Amino acid sequence: MSFPNHRPRRLRTNPAMRRLTAEYRLAPADLILPAFIREGISEPVPITSMPGVVQHTTESLKRAAAEAVRLGVGGIMLFGVPAVRDARGTASLDPDGVLNKAIRDVRAEVGDDLVIMGDVCLDEFTDHGHCGVLDADGYVDNDATLEIYGQMAVAQADAGAHVLGPSGMMDGQIAVIRQALEESGHKNTVILAYAAKYASAFYGPFREAVDSQLKGDRRTYQMDAANRREAILEVELDLEEGADMVMVKPAMSYLDILADVAAMSPVPVSAYQISGEYAMIEAAAANGWIDRRGAVMESVLGIKRAGADTVLTYWASELAGWLKES
Ligand code: PBG
């Protein structure tokens, strides 16, 4: 062959050629919209550290869900912000509690046109802000927490959730939730296990989003950023316990983990582009330092390329709109 030979540049000559030869594509159906519903408000409340994201009222949440359907978004992940919290997070079990009611309302609004997911975790409901209940020493009590997770899961399934997302990183949580679902007749309720969830500074804005009361950190239950192999153990355990889908979280600082998990997982893999990832791009774009749309597209495509089948992102609906027009 004589040189220069203009391979591979000739596959980049124009948009149609680039589109034809693209290895990965985003589709609206790949995207899951995380959404917050807050009890006791009459207007949506903006989340300062997540420009463009709000704590929803029932009405605005229903509109956001209907819009997601219209745009072809794959799913919605619901988080509740209760008006009253206690040490054991009991509001999470009330069938009329903020999250269970939101699941019911959204299900009534969109039926089976959107996959409705509920966060199974106690941090939004406890007055200390931990993902589980505490023992006498203030340590998060794994097995006492599991009992509540099982009940929470049944309450959300009763309310009409298609998928449950246990995000508390308690050992054995998938097994306990699967068993509780079977015993209550919810044999088709899917479990999306937050299998490899890391303790991360990038959760910062989420704390504002759910008015979390947490002082301290979650390092006795969430994974250490220093660990890679351990993610495989977490995924294997969750699969053994019955996970239908697994998740890696956060996404952008953990793309190696995502690639590892995608390579070994026989079930669909999700990645969660979390609040801090959203906030960073929004903040830089607001300053005129990066091109917002380009950065959003590239960040989510990168997560897909690393191995995610589905991506939870606060841009889900907006991004789906862009994908539809392109
Ligand atoms: C726990 C939960 C958290 C997030 C989702 N589920 C917070 C945490 O573990 O500290 C964070 C999501 C985000 O930052 O966007 N219920």
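Before moving on, here are some points about what is shown:
- Antiparallel DSSP beta bridges within the chain, percent to nearest 5: 10 percent
- Accessible surface of the chain, 1.4 Å probe, proportion on carbon and sulfur as whole %: 52 percent
- 3J(HN,Hα) along region 227-239: 10, 10, 4, 4, 4, 5, 4, 4, 5, 4, 4, 5, 5 Hz, from the Karplus curve 6.51 cos²θ - 1.76 cosθ + 1.60 with θ = phi - 60°, whole Hz, x for Gly and Pro.
- In the frame of its principal axes, the chain has Cα extents of 75, 44, 39 Å, reported largest first.
- Available extension along the chain between residue 93 and residue 16 is 22.5 nm, counting 0.36 nm per residue and deducting the alpha carbon span.
- Residue-wise HN-Hα couplings along region 188-196, as the Karplus relation 6.51 cos²θ - 1.76 cosθ + 1.60 with θ = phi - 60° gives them from phi, are 9, 6, 8, 10, 9, 7, 6, 7, 10 Hz; Gly and Pro carry x.
- Shape of region 260-326, Cα gyration tensor, a/c cut at 1.5: prolate
- Magnitude of the charge dipole, the chain, Cβ model with Lys/Arg +1 and Asp/Glu -1, debye to 20: 1980 debye
- Helix 173-183 and the longest principal axis of the Cα set of the chain meet at an angle near 70°.
- Solvent-accessible area per residue in region 1-158 equals 50 Å², computed with a 1.4 angstrom probe and all protein chains kept.
- Under 14 Å, Cβ to Cβ, from residue 302 - net charge with Lys/Arg +1 and Asp/Glu -1: -2
- Placed amide H near residue 115: partners under 5 Å, 5+ positions off or other chain: 75, 76
- Region 5-44, dipole about Cα centre (Lys/Arg Cβ +1, Asp/Glu Cβ -1), debye to the nearest 20: 700 debye
- Table column - 3J(HN,Hα) (Hz), region 116-130, Karplus curve with 6.51, -1.76, 1.60, x for Gly and Pro: 9, 10, x, 7, 9, 6, 9, 5, 6, 10, 8, 6, 9, x, 7
- Highest to lowest packing among 234-240, 112-118, scored as the average C-beta count within 10 Å: 112-118, 234-240
- Backbone amide hydrogens, once placed in the peptide plane, bring residue 312 within less than 5 Å of 32, 271, 272, 273, excluding anything fewer than 5 places away on its chain.
The values are calculated or read from the model by the stated rules, or taken from the named source; none is laboratory data. These numbers were taken from a predicted model, which means no experiment stands behind them. Please note: Cβ atoms are built from the backbone with ideal geometry, for glycine as well, and neighbour counts cover all protein chains shown. To get the accessible areas, we keep the full protein, side chains included, count just its heavy atoms, and leave off ligands, DNA and RNA. Shrake-Rupley method; radii C 1.70, N 1.55, O 1.52, S 1.80 Å.
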